[in-house]
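First the structure, in the form of structure tokens, and then the observations on it.
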């Protein structure tokens, strides 16, 4: 074996990485699996992850479509429950949630008689 050529060609990997690969390949062989099996498994995992990512993106988009845009500045508002503990009291017992503009210059708010769950479900 040409050790100098190997070290030059494989210089992007450190000794620990070579050890991990050797351990992995040895174990793979002992269990009767091949590199092609690993590639197939990885392709399947990537496909599943991509599908889950796409589903999560669709759900996020649907959620964002339910969110209000601030009528004053156009920022996407967020919704929080109110009147659920001492810190969230509004002085009006009918209030169940509040839309709030995150823009510190704006801070526009809209109080609601529906809960966050009721609004998000609509």
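Please specify each residue of the stretch 42-89 satisfying the condition of being touching a helix residue (DSSP H, G or I) at 6+ places or on another chain (Cβ under 9 Å), over 14 Å from residue 116 (Cα atoms) and modelled with pLDDT under 85.
Correct list: empty.
Which condition number does residue 27 fail, the rest of (1) exposed (fewer than 12 other Cβ atoms within 10 Å of the Cβ); (2) touching a residue at least 40 places away in the same chain (Cβ under 8 Å) being met?
Residue 27 satisfies every listed condition except (2).
Take residue 97 and decide whether it is touching a helix residue (DSSP H, G or I) at 6+ places or on another chain (Cβ under 8 Å) and modelled with pLDDT under 95.
Working: touching a helix residue (DSSP H, G or I) at 6+ places or on another chain (Cβ under 8 Å): yes; modelled with pLDDT under 95: yes.
Yes; evaluated as a whole, the condition is true for this residue.
For the stretch 92-113, name all the residues that are touching a strand residue (DSSP E or B) at 6+ places or on another chain (Cβ under 9 Å) and within 19 Å of residue 76 (Cβ to Cβ). Please lay out each step first, then the result.
Of all residues in the stretch 92-113, those touching a strand residue (DSSP E or B) at 6+ places or on another chain (Cβ under 9 Å) come to 92, 94-102, 107-113.
Residues satisfying the conditions are 97, 98, 99, 100, 101, 102, 107, 108, 109, 110, 111, 112.
Listed here are the residues, each with its yes/no results for (1) surrounded by 10 or more Cβ atoms within 10 Å (Cβ to Cβ); (2) closer than 30 Å to residue 28 by Cα; (3) not assigned by TED's automatic domain parsing to the domain that holds residue 28.
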{"site": "44", "(1), (2), (3)": "yes, yes, no"}
{"site": "51", "(1), (2), (3)": "yes, yes, no"}
{"site": "83", "(1), (2), (3)": "yes, no, yes"}
{"site": "87", "(1), (2), (3)": "no, no, yes"}
{"site": "93", "(1), (2), (3)": "no, no, yes"}
{"site": "96", "(1), (2), (3)": "yes, no, yes"}
{"site": "105", "(1), (2), (3)": "no, no, yes"}
{"site": "111", "(1), (2), (3)": "yes, no, yes"}
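Go through the stretch 49-73 and give me each residue that's in contact with a strand residue (DSSP E or B) (Cβ under 7 Å, 6 or more places away or on another chain) and part of a loop (DSSP other than H, G, I, E, B).
67, 68
I'm trying to understand the selection: among the residues of the stretch 74-97, which are within 22 Å of residue 62 (Cβ to Cβ) and either free of Cβ contacts under 8 Å to residues at least 12 places away in the same chain or in a strand (DSSP E or B) (or both)?
Keep residues of the stretch 74-97 that are within 22 Å of residue 62 (Cβ to Cβ), which gives 74-81, 97.
If the condition is that a residue be within 22 Å of residue 62 (Cβ to Cβ) and either free of Cβ contacts under 8 Å to residues at least 12 places away in the same chain or in a strand (DSSP E or B) (or both), then 74, 76, 78, 79, 80, 81, 97 are the ones that fit.
The values are calculated or read from the model by the stated rules, or taken from the named source; none is laboratory data. For clarity, every value in this text was computed on a predicted model and none was experimentally measured. Because the Cβ atoms are built from the backbone with ideal geometry, glycine has one as well, and the counts that use them run over all protein chains shown.
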